[in-house]
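One structure is given below, encoded as structure tokens.
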There are 2 protein chains.
Amino acid sequence: MNGAESLVRTLLANEINLCFANPGTSEMHFIAALDKVKGMRCVLGLFEGVVTGAADGYYRMTGKPASTLLHLAPGLANGLSNLHNARKARSGIVNIVGQHATYHLQYDAPLSGDIEGVAMPMSHWVRTATSSQTVATDGAAAVQVAHGTPGKIATLVLPADVSWGAAQESTPTVLHALPRELQADGLAAIAQALRGGKGTVLLLGGLALRGRALEWAGRIAAKVGCRLMSEGQNARLERGAGRVSLERLPYDVPGAIAALKGVGRVVLAGARMPVAFFAYPDQPSLLTPEACEVLSLAEPDQDIEQALEALAHELGAASASPAVCELRRPALPSGRVTPEGIAAVLGALMPEQAIVVDESISMGRGFFPPTSGAAPHDWMNSMGASLGYALPVAIGAALAAPERKVLALVGDGSAMYTLQALWTMARESLDVTIVILANRSYNILRSELAKVGAGTPGPTALSMLTLDTPNLDWVALAKGHGVAASRAHSLEELARALGRALTDHGPRLVELVI
Amino acid sequence: MNGAESLVRTLLANEINLCFANPGTSEMHFIAALDKVKGMRCVLGLFEGVVTGAADGYYRMTGKPASTLLHLAPGLANGLSNLHNARKARSGIVNIVGQHATYHLQYDAPLSGDIEGVAMPMSHWVRTATSSQTVATDGAAAVQVAHGTPGKIATLVLPADVSWGAAQESTPTVLHALPRELQADGLAAIAQALRGGKGTVLLLGGLALRGRALEWAGRIAAKVGCRLMSEGQNARLERGAGRVSLERLPYDVPGAIAALKGVGRVVLAGARMPVAFFAYPDQPSLLTPEACEVLSLAEPDQDIEQALEALAHELGAASASPAVCELRRPALPSGRVTPEGIAAVLGALMPEQAIVVDESISMGRGFFPPTSGAAPHDWMNSMGASLGYALPVAIGAALAAPERKVLALVGDGSAMYTLQALWTMARESLDVTIVILANRSYNILRSELAKVGAGTPGPTALSMLTLDTPNLDWVALAKGHGVAASRAHSLEELARALGRALTDHGPRLVELVI
């Protein structure tokens, strides 16, 4: 067996059985190995941002890393911005990046580049395999890093001659590292702080927003009367009818400051200190009141569910009943397209167990309240805020949960960064419905321009913020990628098109003209 | 005036008057400054790879850097692979990359990342501006680096508070550095080597392939009977009827080795040692015969034209007549699409002074001979071989030479990496004709798979190399971006569609189904 085959076998032995790929010459032995070793599903993306984003989406749904296969430094570079997003979402990914044969590097061939240098800023772990005999060990080490608590980005550089050289039969498997131990000694102080009622916020992030962890948090809030809040963006939040009710920290700085006004204590459970997305002149970076005390119950590298359970017991909240969202489907609205109207259509039509991938940016700020009583569903945000995350993440989510409907809500500007994802959806018949929120501008930047004090946009500035002249035709773009699509100009048309798309199986795109 | 305005003024004072942009919040003051200061043309790209590739194309035509405007680490990351290509093409570019306000960095907001780390692998120079008072100096330093011999990638990181803080009125201008001096003492030995006739190759690269430099090289070859050859890929080669006739080093290793068989001496003029694109088991990385002597007349950081002129005088070749290509338009072929047939159509229809941007990969290897007698034109290759270079480079070339027709020849797989370029072409009404060579596969990888000894592709490998299921519909994709398009299935249809596109003004796309 050669090095590539030994690496594929090692990935499989460690339960990495999905590979998102955009390969080139230096990865041909890895590709060939996939036909010799059964069990690795390989999904092609026509651009590397699709590949890395899909791996992020897969991890968010499964808690299990997928692998990617990328071509040399430029191929990795094209995947970086969605690795940035994955990293901020604390998703685990094993990147395999092909490299020239070791002896060929000295000649600085056209595709040569500093792969490790490109990988570093967005990876937690980078290694270049040096021998066919040890590449299996390298692969196992990469899986161990990626599979940590929380997930991490591991990048293994695979020279062509390491791929094609003779390897041993061994396929090392690794134990998953345990989460860092919780500090029991702070628990009493945190419990005491939480008894402060409305003046205290229990701020949830990451795994605190799912399953039993969320229920423990709900019991705590029910018992002590503290406020329960999620961060402004969440990798995956379980919500909808029957799920624990919580507030979400607003995106805009004045809104967030207002929401946290009068709060004396914030207890973090897998969440980070609330900070502004951007700095604005004359506005603070920190969103909590100046005198606010911040305590940490559990960091993302700890067992958050266990921490919340222990805290619930400490507070005598173990058998409290959390406040949950009631089933409340909005009536289908009609008329002109408004953010509230879109949210009502979503709330009315979202199917049970939908996975919402939200990159709605300026339009979607108000989507939460009208959908809180919809059928139970998961809601994902971009954690790194680099545009172009939603369509690729939808691919990974759909592959992870083929029995569930994925609903991607994407601004037209955002969707353009990784529109090639549509082709992979068509090829793999993924059950994804996409709503393109086509306001034909980088609308968020209009408000940001004012907020940073850059004044009223002149003609040049305006031309940098508008996506008209020409308008993008998303029905044509979808068709070009093999995805059926329709266009809606009103809320009735949206309801009709979305209703149909959600009933069909397979990728469907609705362009909502705003 | 604020820092952003002082930077824009400095760029303009240093003759940087074109900015390819994909901005975000942190760049809003720079954008606003463009309305306060007149003279900077700003062109929007909907993906950063379009932005950086366009700057490459502009430099290739003008020898003058353009600026780019990119949003934080992920925005720069999206532009990296075309910066890789630009770097290998020795194009000068001034990247301005927005950064969070300096005091906001400590909070690790969602978009925070290691911008300098991302920039390093593809930049020759990286600096983070630290003060509004000195950002003009930083900008001038960036221009000086980018404007070097050869062109270089300079990346200036611009924190938001440096943009919005108060700055001085001064706009420093810089002198362009002189090329490194030529070594006169080796000239006699090189002249002696060239007298070896057919056993000697004068290998031209970079600026040696244009204007007077190419003519001097032609005179030398005519006088001493040596072979005149270009590298396999060239940033811009002036060719066609009346231009100096030369060979091109073949891409494939056996072809290149055969072409260099029996060569005893290679004299490099702006070219690099001939090396293989990739390493293949049992094939050498170096393409020259083992005993071949390699001499360097001039490196890319020297004045290559002056070196060739001095050499021509040394050889008494100053008044020799170079062998030039005769005007020879092929007859329009008909029938089934073949590489030779496409080349004949191109040779017959290419207009005077066309700029050909070639990313035809597997189909285009044979395009050179039938087009050597076409009307005089420029031919550009990808120098870094990262896919997705052609459409963005065509934008920059069209803006640099609005009176000339740009003809982009692009494989369907390649075009998908940066298809967003079509929208910018439509918006700016650029006179670009695109031929998509739609073989619906990564065809080159089929042959590479065999060449690296990875055997016959099985079903998984094959599925990674094919772009069918579904087929991309390039007519729809073009329409979606606002570009008129048609489809051709035969050489007659290609000739008809291409003839029409080349006669029209503005972007036109022809999908050639192969």
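Read the figures in this text as sums done on the coordinates, not as results from a lab. Worth saying up front: this structure is predicted, and the values here are computed from it rather than measured. Here the Cβ positions follow ideal geometry from the backbone for every residue, glycine too, while neighbour counts run over all protein chains shown.
Observations, loosely collected:
- Trypsin sites (Lys or Arg not before Pro) restricted to segment A:251-317 and DSSP loop, no more than 14 other C-beta within 10 Å: A:LYS261
- In segment A:3-164, taking the dipole from charged Cβ atoms about the Cα centre, the farthest positive-side position among A:LEU18, A:PRO121, A:LEU80 is held by A:LEU18.
- Base-10 log of normalised Debye intensity for chain B (one unit scatterer per alpha-carbon) at q = 0.06, 0.07 Å⁻¹: -0.30, -0.40
- Taking 13 Å as the cut-off, the amide N atoms of segment B:385-412 that come nearer than this to a point 7 Å along the Cα-to-beta-carbon line of B:HIS505 belong to B:402-405.
- Chain A - share of DSSP beta bridges that are antiparallel (%, nearest 5): 10
- Rounded to the nearest 20 debye, dipole of the protein assembly as shown from Cβ charges on Lys, Arg, Asp, Glu: 1320
- Distant-in-sequence amide contacts of B:ALA488, defined by a placed amide H-H separation under 5 Å and a gap of 5 or more residues or a different chain, comprise B:GLU511, B:LEU512, B:VAL513.
- Anchor A:LYS479: lysines whose Cα lies under 16 Å away (excluding residues fewer than 8 positions away in-chain): B:LYS479
- Principal axis dimensions, segment B:465-514 - Cα atoms, whole angstrom, descending: 35, 26, 14
- DSSP beta bridges fully contained in the protein assembly as shown are about 10 percent antiparallel.
- Built amide H within the under 5 Å cut-off of A:THR68, gap 5+: A:PHE20, A:VAL94, A:ASN95, A:ILE96
- Within segment B:1-43, trypsin sites (Lys or Arg not before Pro) in DSSP loop having at most 12 other beta-carbon neighbours inside 10 Å: B:LYS38
- Antiparallel DSSP beta bridges within segment A:184-314, as percent of all bridges there, nearest 5: 5
- Average beta-carbon neighbours from other chains, 10 Å sphere, peptide B:446-457: 5
- Multiplying the residue separation of B:GLN306 and B:SER429 by 0.36 nm and removing their Cα-Cα distance gives an extension gain of 40.4 nm.
- HN-Hα J in Hz across segment A:472-484 - Karplus 6.51, -1.76, 1.60, θ = phi - 60°, x for Gly and Pro: 6, 9, 6, 5, 5, 4, 5, 4, x, 9, x, 10, 5
- Taking amide H as placed 1.01 Å from N in the peptide plane, the amide H of B:LEU467 sits under 5 Å from that of B:SER441, B:TYR442, each at least 5 places away or on another chain.
- Reachable lysines, given that their alpha-carbon falls under 24 Å from the alpha-carbon of B:LYS198 and they are not under 8 places away in the same chain: B:LYS223, B:LYS261
- Since only A:ALA323, A:GLN168, B:CYS292 are under comparison, the one whose Cα sits farthest along the positive direction of the charge dipole of the protein assembly as shown, derived from C-beta charges on Lys, Arg, Asp and Glu, is A:ALA323.
- Size of electric dipole in chain A: Cβ of Lys, Arg +1 and of Asp, Glu -1, about Cα centre, debye, nearest 20: 1140
- Put a dot 7 Å past the Cα of B:THR469, heading toward its Cβ, do the same for A:SER447, and the two dots end up 4.5 nm apart.
- What separates the A:GLN353 label point from its copies, with the point 7 Å along Cα to Cβ, is 6.5 nm, written shortest first.
- Sum of side-chain charges, B:ALA256 neighbourhood, beta-carbon under 14 Å (Lys, Arg +1; Asp, Glu -1): +3
- Estimated [θ] at 222 nm from DSSP helical runs (n ≥ 4, -39500 (n - 2.57)) normalised by residues in chain A, nearest 500: -10500 deg cm²/dmol
- Taking 12 Å as the cut-off, no amide N atom of segment A:1-45 comes nearer than this to a point 7 Å along the Cα-to-beta-carbon line of A:SER131.
- Per-residue Karplus couplings for segment A:30-42, computed as 6.51 cos²θ - 1.76 cosθ + 1.60 with θ equal to phi - 60°, are listed in order as 5, 4, 4, 5, 5, 8, 8, 10, 8, x, 9, 7, 10 Hz, Gly and Pro entered as x.
- A cut-off under 15 angstrom between Cβ atoms defines the neighbours of B:ILE93, and their net charge, with Lys, Arg +1 and Asp, Glu -1, is +4.
- Prolate/oblate/rounded call for segment B:1-121, Cα gyration tensor, a/c under 1.5 rounded: oblate
- Under the Karplus curve 6.51 cos²θ - 1.76 cosθ + 1.60, θ = phi - 60°, whole-Hz ³J(HN,Hα) for segment B:342-359, x wherever Gly or Pro sits: 4, 4, 5, 4, 4, x, 6, 9, 4, x, 3, 6, 4, 10, 8, 10, 9, 10
- Distance between the 7 Å Cα→Cβ label points at A:LYS64 and B:ALA177: 5.3 nm.
- Cβ-Cβ FRET estimate between B:ASP282 and B:ARG365, R0 fixed at 25 Å, reported to 0.05: 0.70
- Inter-chain shielding of B:92-104 (mean C-beta neighbours from other protein chains, 10 Å cut-off): 2
- Shape analysis of segment A:207-289 places it in the prolate category; the axes a ≥ b ≥ c from the Cα gyration tensor give an a/c of at least 1.5, with a/b above b/c.
- For segment A:131-263, size of Cβ-based charge dipole, Lys and Arg +1, Asp and Glu -1, in debye: 960
- The same position A:SER447 in the other copies lies at 5.4 nm from this copy, comparing label points 7 Å beyond Cα toward the beta-carbon, shortest first.
- For the protein assembly as shown: rounded, prolate or oblate by the Cα gyration tensor [a/c cutoff 1.5]: prolate
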